[in-house]
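Engineer: Sharing a structure below in structure tokens format, with a few things to ask.
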Amino acid sequence: MVLTGSEELAQEARIYRDQGKGAFGANHHVRLGSAWRMSELHAATGLVHLRRMEESIARRRAVAARYDKALADLDGLQPLAEPPGCRSNIYKYIALLPPGLDRARFKSELAQRFQVNLSGEVYDLPLHRQPVLAEYADPPLPVAEELAARHICLPVHSDMTDSEVDEVLTAVAAVHGASPGGEPGPAFGRDPFVAAADHPDGEWGEHAGRGDRGWWLHRLPCGGSPGASGSPGPCDRYRPALAQPGRAVSRAGPVR
């Protein structure tokens with residue numbers, strides 16, 4: 001979609017949109033255009049989404065505000081600030097990792113340990129480093145290159161619940177705490193784990209320890225303890241929660 005106050009630019013956009021044709025219905029081409037016309041199905045879908053646009057943006061901004069507040073407690077993770085006088089629709093929620101932290105490993109840990117999959121970056125390479133623009137690779141642009149290399153995009157959508165946001169935050173805090181120089185952060189949300197030797201109503205207990213790959217968590221029958229090797233137990237899913245090494249934590253009900 002192109003929005004402009006210029007009638008000249010609007011007419012040029014219409015020409016390029018319709019295969020470079022000089023006028024609608026004509027079959028002469030005055031530009032090297034393309035078939036960028038919106039289909040009827042896309043138009044109908046867009047009209048429906050426009051009815052909820054303000055509601056959707058408001059929810060995305062609420063998710064972003066929840067992220068902002070939580071990440072402020074995690075040293076080294078820096079949200080991309082909204083410029084003064086601007087109101088973002090939060091197309092993506094961008095945060096910067098601490099310098100030197102391996103982004104690929106950070107994302108892999110989130111996915112493997114907590115089933116939290118981050119979306120693609122805005123650009124993992126800045127434009128001047130893209131292969132198609134290789135002729136513009138020099139001179140280097142260090143700020144753009146650093147931001148492209150360090151940023152991540154946390155999940156955000158207009159139907160995202162607070163509990164889903166908290167699950168992401170707990171996973172991010174855990175992986176950040178297990179990274180070099182990181183400090184373990186808190187578990188987030190209304191369903192915290194509580195320290196207990198044995199939960200009276202608990203179907204499962206859980207035990208957290210420090211493994212070679214950082215903080216891990218596995219489930220055991222209530223009152224149980226991990227093996228002498230400290231290796232994870234029978235559950236192949238990691239629950240997003242934090243605990244100090246050797247601290248037993250329990251909750252009522254099975255692990256979700």
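Engineer: Just the residues that are of a type in the set (S, T, N, Q) and either in contact with a Lys or Arg (Cβ under 6 Å, 6 or more places away or on another chain) or over 14 Å from Ala13 (Cα atoms) (or both), please, taken from segment 26-53.
Structural biologist: Scanning segment 26-53 gives Asn27, Ser39, Thr45.
Engineer: Quick one: is Ser119 closer than 17 Å to His151 by Cα and surrounded by 12 or more Cβ atoms within 10 Å (Cβ to Cβ)?
Structural biologist: yes
Engineer: Here is a further query. Go through segment 29-51 and report how many residues are farther than 30 Å from His157 by Cα and touching a strand residue (DSSP E or B) at 6+ places or on another chain (Cβ under 7 Å).
Structural biologist: Number of matching residues: 2.
Engineer: Further, regarding this structure: I'd like to check something: does segment 87-101 contain any residue that is surrounded by 13 or more Cβ atoms within 10 Å (Cβ to Cβ), among the hydrophobic types (A, V, I, L, M, F, W, C), touching a Ser or Thr at 6+ places or on another chain (Cβ under 9 Å) and touching a residue at least 24 places away in the same chain (Cβ under 8 Å)?
Structural biologist: Within segment 87-101 (the criterion being surrounded by 13 or more Cβ atoms within 10 Å (Cβ to Cβ), among the hydrophobic types (A, V, I, L, M, F, W, C), touching a Ser or Thr at 6+ places or on another chain (Cβ under 9 Å) and touching a residue at least 24 places away in the same chain (Cβ under 8 Å)), the answer is yes, since at least one residue qualifies.
FYI, it's all coordinate maths here, none of it is from the lab. In this text the structure is predicted, and so the values were computed from the model without any measurement. With ideal geometry, Cβ positions are generated from the backbone for all residues, glycine too; neighbour counts draw on all protein chains shown.
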